[in-house]
Structure formats: structure tokens, C-alpha cells
1. Going Cα to Cα from residue 143, which lysines come in below 28 Å? Please leave out same-chain ones fewer than 8 positions away.
2. May I ask which residue of 54, 44, 80 lies farthest towards the positive end of the charge dipole of the stretch 26-170, with charges of +1 (Lys, Arg) and -1 (Asp, Glu) on Cβ and the Cα centre as origin?
3. Net charge within 12 Å of residue 62 by Cβ-Cβ distance, Lys/Arg positive one each and Asp/Glu negative one each, not counting residue 62 itself?
4. Quick check: from the Cα gyration tensor, does the stretch 34-111 come out rounded (a/c under 1.5), prolate or oblate?
5. Per residue, how much accessible area does the stretch 17-107 have with a 1.4 Å probe, in Å²?
6. Shape of the stretch 103-142 from its Cα gyration tensor (a ≥ b ≥ c, root eigenvalues): rounded if a/c is under 1.5, otherwise prolate when a/b > b/c, or oblate?
Amino acid sequence: MFDNGETVQYNNTRVIARCIMRFSVRSIINTPGKRLPFAFSMDLSEMDFCGRRPIQEPVQVEGEIRNTAGMLELSLRAWTTLECVCDRCAREFRREKEISYSCLLAAEKQNEEDEEIVLLENGEFVDVEDLARTAFVLGMDTKTLCSEDCKGLCPVCGADLNEGDCGCQS
């Protein structure tokens with residue numbers, strides 16, 4: 001395949017992004033005040049949420065890892081526009097979604113119950129994309145409404161009650 005001149009289509013961006021999002025913190029681990037900024041995008045379009053795939057646009061991520069008094073702190077924010085369907089009236093709509101996430105990074109946990117600490121791989125690496133993906137997915141809403149005052153559908157005739165009274169005797 002590679003030596004016969006054929007062209008192979010492959011998503012290089014996904015491979016490159018996946019490789020460079022595993023950061024080494026060696027350069028800042030012993031230097032208080034030093035920071036390691038990052039920015040990238042993630043493709044989560046294949047993720048299924050109750051039979052739908054609302055994340056059709058890339059999720060933008062930016063943040064930093066900083067050494068504050070010898071503690072490594074990771075903070076990030078991730079955002080995109082979601083393709084949603086209202087749980088009450090079934091109307092399709094778009095909505096901005098943004099999450100924030102922060103944690104401490106450590107080579108080992110002092111207390112096993114501390115969930116705010118993420119262990120470094122091999123004592124120096126952190127997979128920022130994995131943390132951002134997990135935080136974004138956990139931050140997704142379980143109920144999606146086109147508006148807080150959505151009236152939904154008539155249980156008798158199925159008319160969209162946001163467009164007016166259907167006239168049914170319910």
C-alpha cells in the first residue's frame with residue numbers, strides 16, 4: 001500500500017492532537033511561579049448521548065498548568081455549540097456550552113479519598129485531552145430545554161403548545 005503510490009486518507013489532525021496533549025510537567029515541577037499554557041480542539045462528534053450526537057462542532061480547550069508554591073494546578077475551560085433537541089417539544093436548536101475544570105496534579109496521592117488530585121503518569125506526564133474530554137462529557141446537561149418556559153407538546157394531539165393553544169379538551 002505505501003510503496004505502490006496509492007494515497008491513503010487519514011485524519012492527521014486527530015493523531016497529532018492526541019500525541020501532543022500528553023504534557024510533561026518536568027520543566028515546571030521544581031520551579032514555583034512557572035506555567036505551561038495550552039490550547040487545542042477536540043473532536044467529540046462520535047460521542048453518543050441517549051441516541052443523539054449533539055457535539056458536532058470541535059470543542060475548543062484552553063488553560064494552563066502552573067506551579068503555585070510547589071503545587072501543580074491545572075485549570076481549563078472548554079466550549080462549543082451543541083446541536084440540541086428539546087426534551088419537551090422536540091424542537092431542534094443550538095446552544096453554547098462551556099465548562100470549567102481544575103485539579104491538582106501529583107506524582108502520588110497522600111490521601112486516597114482526595115478526588116481533586118490527578119496522578120501524573122510516570123511521575124511527570126498528564127493527558128490534558130483526556131481530562132478535558134471527561135470534564136466536558138460530565139458537564140453535559142441531562143435535560144435539554146429550548147427555553148425554561150417551554151410548554152411542550154399536547155398529550156392528546158401532539159401539537160406544540162409553544163405555538164398556541166391546540167383546542168383539545170385535556
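1. Once the sequence-local lysines are set aside, what remains near residue 143 is 97, 151.
2. 80
3. On the way: positive: 77; negative: 64, 98.
Net local charge, residue 62 excluded: -1.
4. Numbers: a/c = 3.19, a/b = 2.46, b/c = 1.30.
The shape class here is prolate.
5. Details: 5120 Å² over 91 residues.
Each residue of the stretch 17-107 exposes 56 Å² on average to a 1.4 Å probe.
6. On the way: a/c = 4.06, a/b = 1.60, b/c = 2.54.
Because a/c hits 1.5 or more and a/b fails to exceed b/c, the stretch 103-142 counts as oblate.
The values are calculated or read from the model by the stated rules, or taken from the named source; none is laboratory data. This one's a predicted model, so the numbers in the text were calculated from it and none came from an experiment. Every residue, glycine among them, receives a Cβ derived from its backbone with ideal geometry; neighbour counts consider all protein chains shown. Areas reflect the complete protein model, heavy atoms only, side chains present, ligands, DNA and RNA absent. Shrake-Rupley method; radii C 1.70, N 1.55, O 1.52, S 1.80 Å.
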